[in-house]
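Note sheet for the following structure.
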Amino acid sequence: MKLADLYQVENRTTVRVTYRDTDQMGHAYYANHLVWFEIGRTELVRQLGMAYREMEQAAGVFLPVASAQIAYRAPARYDDLIEIRTRVARLSHVSIEFHYHVVRRDGDDEVEIAQGSTRHAFVGRDGKVLKNGFEILRVEG
């Protein structure tokens with residue numbers, strides 16, 4: 001896959017907010033957004049042809065989070081059906097950045113719940129940074 005094509009791929013994953021996801025006010029607890037980002041990221045990597053498990057177990061490649069950013073726009077509540085839209089925003093030899101857009105459908109309308117990003121380093125089993133991100137994801141620079 002070419003790098004420009006990678007940037008066009010978007011995964012859309014639907015998740016229902018469960019009771020355990022909410023705080024005393026009935027809103028989704030703020031840290032759950034990071035869990036939703038992980039769900040979206042995992043499904044995007046799978047859509048690109050490589051499961052996280054395969055990357056970790058077979059290839060010995062891990063993607064620890066180096067940074068995370070979230071902008072909260074509206075609350076998600078118990079039993080809301082939300083959609084996590086995930087795409088690769090930037091790929092280098094040593095890291096990858098994902099962007100996320102979380103929305104709730106309200107009839108025919110969409111309500112933006114949050115936007116955010118995470119940046120991950122490519123590291124080996126020994127914890128050292130790898131410098132072959134393009135090869136790992138089979139992307140032509």
Does the range 113-123 include one or more residues that are within 12 Å of the chain's Cα centre (by Cα), without any contact (Cβ under 8 Å) to a residue 24 or more places away in the chain and farther than 16 Å from V17 by Cα? no
Taking the range 103-141 and keeping residues among the charged types (D, E, K, R), in contact with a Lys or Arg (Cβ under 6 Å, 6 or more places away or on another chain) and over 18 Å from L6 (Cβ atoms) leaves E112
Selection status of V88, more than 24 Å from Y19 (Cα to Cα) and within 14 Å of the chain's Cα centre (by Cα): yes
Do you know which of the residues in the range 62-84 that are touching a residue at least 60 places away in the same chain (Cβ under 8 Å) and part of a strand (DSSP E or B) is surrounded by the most Cβ atoms within 10 Å (Cβ to Cβ)? I84
Lone unmet requirement of (1) closer than 19 Å to Y30 by Cβ; (2) more than 15 Å from the chain's Cα centre (by Cα); (3) surrounded by fewer than 13 Cβ atoms within 10 Å (Cβ to Cβ) for R104: (3)
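Residue by residue, here is whether (1) polar (S, T, N, Q); (2) part of a helix (DSSP H, G or I); (3) exposed (fewer than 14 other Cβ atoms within 10 Å of the Cβ) holds:
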| site | (1), (2), (3) |
| --- | --- |
| R12 | no, no, no |
| Q24 | yes, no, yes |
| W36 | no, yes, no |
| L44 | no, yes, no |
| M55 | no, yes, no |
| G60 | no, no, yes |
| T86 | yes, no, no |
| Y100 | no, no, no |
Kindly indicate the residue of the range 85-112 that is of a type outside the set (D, E, K, R) and in contact (Cβ under 8 Å) with a residue 60 or more places away in the chain and also farthest from N132 (Cα to Cα) among those meeting that condition. V102
Report yes if G124 is more than 30 Å from Q24 (Cβ to Cβ), exposed (fewer than 14 other Cβ atoms within 10 Å of the Cβ) and at pLDDT 95 or above, otherwise no. yes
Just one of the numbered conditions (1) in contact with a His (Cβ under 7 Å, 6 or more places away or on another chain); (2) surrounded by 19 or more Cβ atoms within 10 Å (Cβ to Cβ); (3) among the hydroxyl-bearing types (S, T, Y) is not true of S117; which one? (2)
Identify all residues within the range 26-73 that are basic (K, R) and modelled with pLDDT of 95 or more; write none if there are none. R41, R46, R73
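The values are calculated or read from the model by the stated rules, or taken from the named source; none is laboratory data. Computed from a predicted model, the values in this text were never measured in an experiment. Cβ: placed from backbone, ideal geometry, glycine included. Neighbour counts: every protein chain shown.
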